[in-house]
1. Sorted from largest down, give the three principal axis spans of the alpha carbons of the stretch 56-105, whole angstrom values.
2. Hey, any idea what Rg/Rh is for the chain, computing Rh the Kirkwood way over Cα pairs?
3. For the stretch 103-235, I need the span (max minus min coordinate) of the C-alpha atoms along each principal axis, in Å, sorted largest to smallest.
4. What does the helix-only formula give at 222 nm for the chain: each DSSP H stretch with n ≥ 4 adding -39500 (n - 2.57), the total divided by the residues, and the result rounded to the nearest 500 deg cm²/dmol?
5. Which FRET efficiency value, to the nearest 0.05, do you get for Q155 and Q11 by plugging their Cβ-Cβ distance into 1/(1 + (r/R0)^6) with R0 = 25 Å?
6. Cross-link list K148/K168; K102/K187; K64/K187: which exceed 22 angstrom alpha carbon to alpha carbon?
7. D108 label point, 7 Å along Cα→Cβ, cut-off 18 Å on backbone N: hits in the stretch 70-90?
8. With Kirkwood's inverse mean 1/r over C-alpha pairs for Rh, give me the Rg to Rh ratio of the stretch 141-195, two decimals please.
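Quick note: the coordinates plus some simple rules give every number you see, no bench work behind them. Everything numeric here is computed off the predicted structure, so don't read it as measured data. Please note: Cβ atoms are built from the backbone with ideal geometry, for glycine as well, and neighbour counts cover all protein chains shown.
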Amino acid sequence: MRNYIQYNADQHKEVMIAIPALGERKEMYAALAHALPEVHIVAIDLPGHNGLLDADFSFQSYNKTIKAVMNALNMTASHFVGNSIGAWVIQHFYTNYPSAVKSLTLLDGGHYFHGLYEPDVDIDIQLPIIERLEDLQEAVREEVRNMKLACADDQQYLYDYFIENFVKEGTIYRHHSMEQALNYLAKAVNRHNYCLEQEISLPVLLLLADQQQDAIFHQKITKFQDRQPAAIRKR
């Protein structure tokens, strides 16, 4: 299986590399591509995700994967967007290939050192194994209902996406990603600080979903703004 997918490939003015969240697939960016038809988006699966049988899950190896995709598509530089763990990935990519990056957009992550606030590195992620399709469908319906989306099209889009996160193997349904990859990557962002500690001259945008704004939230934001004072933050 190809580890990347192109959206709006006929657009050549602006190009964006998109990195998914942990446990998600490159197809999560289909909605963004629909909303930005003028942007050529190249979404790249994380290692060990979406059926990829990678042996090396490290950020360094994945940096090389991203650069290889760019080279294959004759891209010298691109805008970058990363969701959750993807936001740390794109900052690490910048430290290795600064000339290949035009801007960084951090979606719900990347603005703080994960291990400083959430240090539970020894708790392994265990992926569910589901025996009945009906149980999977009901679990996904409940997940979508909890999102309280008003638009029926958005509800259906997310339902279809979440269902496809599971792959049928014989008589059971398994998550598309490898547990080993999930745990390696989750522990990597807890053990290593991939945030850019020095201000960079490129545009940086931090987008955060609505969440409880407690003292820890404000502490994370303050430290991020100290490191990247020119960055734009939106909710």
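1. Ordered largest first, the stretch 56-105 gives principal extents of 26, 25, 16 Å.
2. Ratio of gyration radius to Kirkwood radius: 0.95.
3. In descending order, the Cα extents are 52, 37, 29 Å.
4. -11500 deg cm²/dmol
5. It comes to 0.30.
6. From K148/K168; K102/K187; K64/K187, over 22 Å: K148/K168; K102/K187.
7. From the stretch 70-90, the list is 81-90.
8. 1.14
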